[in-house]
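Read the structure below first, then the notes.
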Amino acid sequence: MVDNIVHIEQDRVTNTVSNDYPDTSISNAFRRIMISEVPSVAAEQVYIFNNTSVIQDEVLAHRIGLIPLKIDPDLLNWVDNSVDESDKFTDANTVVMTLDVSCTKNPNAPKNSTDPKELYRNSSIYARDLKFEPQGNQLENFKNPIEPADPDILLAKLRPGQEISLRIHCVLGIGSDHAKFSPVSTASYRLLPTIDIIEPIRGDDAKKFQKCFPTGVIGINNGEAFVKDSRRDTVSREVLRHEEFNGKVKLGRKRNHFIFNVESTGAMSPEEIFFKSVRILKNKAEYLRNCPIGR
């Protein structure tokens with residue numbers, strides 16, 4: 001089904017999907033599953049022991065909850081909410097992280113400096129200051145480091161005498177329960193644009209024709225325009241405003257060819273998110289196929 005990965009970065013991937021039986025609902029199902037049904041790990045409970053900063057406890061807990069965490073969701077079980085609170089969180093379903101920082105004056109600060117980063121120690125608290133506290137056999141089970149996807153997310157600013165001490169329980173969840181569990185920041189798709197040059201376009205008209213499209217869509221070879229990469233087209237239809245191109249070009253979209261753009265929050269790779277959405281949709285189809293008729 002996935003016939004080509006057009007562009008891939010650490011947290012972003014663009015790939016094309018085509019099938020013989022075009023149905024936009026299937027592509028939209030992938031998009032919705034990636035946003036709301038692919039599980040990831042995020043902070044669920046924040047236990048604040050001491051917070052003398054200017055940021056309120058609720059706001060601090062909210063900011064921590066929205067930090068994407070690099071934790072493989074397949075290594076954790078779902079929390080059983082039917083059990084008592086004391087037995088709910090275990091090493092099999094919960095990752096514990098702590099934050100213990102206090103701000104003090106820097107005795108070696110440069111004279112006449114006004115930069116808080118030079119005047120004080122721990123003047124700014126970032127996501128990198130969250131420390132993983134392994135429970136049970138987690139050190140052996142978790143092969144990769146447990147850390148925030150972006151270490152430079154600012155959590156709070158402190159001044160001498162202020163401190164923060166807290167403990168976090170991170171659990172599995174899905175985006176339909178809370179946006180903090182959604183592994184994507186954007187997930188979208190569009191139909192592949194088609195540009196058919198009916199009559200040759202040459203000379204100065206070719207250069208003008210090229211400027212009617214985004215960079216890289218139209219190329220010029222031996223003075224004649226040709227379609228170089230229709231995927232880059234934004235379907236602005238600017239070319240239709242010019243009389244000299246009337247009847248020489250036909251614009252459209254390929255109805256069974258979809259271009260997906262998936263941008264991850266950093267919790268997992270975007271290609272992993274897409275393939276997990278395929279697996280979830282397949283499981284849904286299998287469930288419906290095996291359901292007794294009439295239920």
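Yes or no: ASP129 buried (at least 17 other Cβ atoms within 10 Å of the Cβ), touching a residue at least 12 places away in the same chain (Cβ under 8 Å) and not aromatic (Phe, Trp, Tyr)?
Numbers: buried (at least 17 other Cβ atoms within 10 Å of the Cβ): yes; touching a residue at least 12 places away in the same chain (Cβ under 8 Å): yes; not aromatic (Phe, Trp, Tyr): yes.
Answer is yes for this residue.
Would you be able to say whether some residue in segment 134-155 is assigned by TED's automatic domain parsing to the domain that holds ASP74, touching a helix residue (DSSP H, G or I) at 6+ places or on another chain (Cβ under 7 Å) and among the polar types (S, T, N, Q)?
Yes, there is a match, as at least one residue in segment 134-155 is assigned by TED's automatic domain parsing to the domain that holds ASP74, touching a helix residue (DSSP H, G or I) at 6+ places or on another chain (Cβ under 7 Å) and among the polar types (S, T, N, Q).
Looking only at segment 226-243, filter to residues that are farther than 23 Å from THR186 by Cβ and of a type in the set (Lys, Arg); which one of those is surrounded by the most Cβ atoms within 10 Å (Cβ to Cβ)?
Filtering segment 226-243 for residues farther than 23 Å from THR186 by Cβ gives 226-228, 237-243.
Adding the requirement that they be of a type in the set (Lys, Arg) leaves 228, 237, 241.
Working: LYS228: 17, ARG237: 10, ARG241: 9.
Among those that are farther than 23 Å from THR186 by Cβ and of a type in the set (Lys, Arg), it is LYS228.
If a residue counts only when it is within 26 Å of ARG279 (Cβ to Cβ), which strands (runs of 3 or more DSSP E) contained entirely in segment 18-134 have at least 3 such residues?
Numbers: elements: 40-51, 95-102, 124-126, 131-133.
Result: 40-51.
Table: residues versus (1) crowded, with 17+ Cβ neighbours inside 10 Å; (2) more than 30 Å from ARG241 (Cα to Cα); (3) charged (D, E, K, R).
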residue: GLN138; (1), (2), (3): yes, yes, no
residue: ASP152; (1), (2), (3): no, yes, yes
residue: LEU158; (1), (2), (3): yes, yes, no
residue: SER176; (1), (2), (3): no, yes, no
residue: LEU191; (1), (2), (3): yes, no, no
residue: ASP196; (1), (2), (3): no, no, yes
residue: LYS208; (1), (2), (3): no, no, yes
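When the residues of segment 244-280 are narrowed to those that are out of contact with any strand residue (DSSP E or B) (no Cβ under 8 Å at 6 or more places or on another chain) and of a type in the set (Lys, Arg), which ends up surrounded by the most Cβ atoms within 10 Å (Cβ to Cβ)?
So, considering only residues that are out of contact with any strand residue (DSSP E or B) (no Cβ under 8 Å at 6 or more places or on another chain) and of a type in the set (Lys, Arg), the one surrounded by the most Cβ atoms within 10 Å (Cβ to Cβ) is LYS276.
Going through segment 180-224 one residue at a time, which ones are of a type in the set (Val, Ile, Thr) and either part of a strand (DSSP E or B) or more than 30 Å from PHE274 (Cα to Cα) (or both)? Working first, answer last.
Step one: filter segment 180-224 for residues of a type in the set (Val, Ile, Thr), giving 184, 186, 194-195, 197-198, 201, 215, 217-218, 220.
Correct list: VAL184, THR186, THR194, ILE195, ILE197, ILE198, ILE201, ILE218, ILE220.
Restricting attention to segment 37-57, and to residues there that are of a type in the set (Ser, Thr, Tyr) and farther than 20 Å from ASP177 by Cα, which single residue is surrounded by the most Cβ atoms within 10 Å (Cβ to Cβ)?
Here is the first cut: in segment 37-57, the residues of a type in the set (Ser, Thr, Tyr) are 40, 47, 52-53.
Among the residues that remain, those that are also farther than 20 Å from ASP177 by Cα are: 47, 52-53.
Working: TYR47: 12, THR52: 13, SER53: 19.
Of everything passing the filter in segment 37-57, SER53 is surrounded by the most Cβ atoms within 10 Å (Cβ to Cβ).
With the requirement that a residue be modelled with pLDDT of 90 or more and touching a Leu at 6+ places or on another chain (Cβ under 8 Å), what does segment 253-295 give you?
ARG253
Looking at LEU60, LEU99, LEU76 in this structure, which one is buried (at least 19 other Cβ atoms within 10 Å of the Cβ), modelled with pLDDT of 95 or more and within 24 Å of the chain's Cα centre (by Cα)? Explain how you work it out, then say what you get.
Values: LEU99 fails: within 24 Å of the chain's Cα centre (by Cα); LEU76 fails: modelled with pLDDT of 95 or more.
Every option except LEU60 fails the conditions.
Which residue, of GLU271, GLU263, is charged (D, E, K, R), touching a residue at least 12 places away in the same chain (Cβ under 8 Å), within 15 Å of SER188 (Cα to Cα) and not in a helix (DSSP H, G or I)? Steps first, please.
On the way: GLU271 fails: not in a helix (DSSP H, G or I).
The conditions single out GLU263.
When you check LEU155 against the structure, is it in a strand (DSSP E or B), of a type in the set (A, V, I, L, M, F, W, C), under 22 Å from VAL79 (Cα atoms) and at pLDDT 90 or above, yes or no?
Details: in a strand (DSSP E or B): yes; of a type in the set (A, V, I, L, M, F, W, C): yes; under 22 Å from VAL79 (Cα atoms): no; at pLDDT 90 or above: yes.
No; evaluated as a whole, the condition is false for this residue.
From LYS105, LYS117, LYS88, which residue is over 25 Å from GLY173 (Cα atoms) and without any contact (Cβ under 8 Å) to a residue 24 or more places away in the chain? Can you show your working first?
Working: LYS105 fails: without any contact (Cβ under 8 Å) to a residue 24 or more places away in the chain; LYS88 fails: over 25 Å from GLY173 (Cα atoms).
The conditions single out LYS117.
For segment 47-85, which positions are in contact (Cβ under 8 Å) with a residue 24 or more places away in the chain and either outside the structural domain of PHE132 (by TED's automatic domain parsing) or among the hydroxyl-bearing types (Ser, Thr, Tyr) (or both)?
TYR47, THR52, SER53
The values are calculated or read from the model by the stated rules, or taken from the named source; none is laboratory data. Bear in mind that the values here come from a model prediction, so they are computed numbers and not experimental data. Ideal geometry is used to build each Cβ from the backbone, glycine not excepted, and the neighbour counts take in all protein chains shown.
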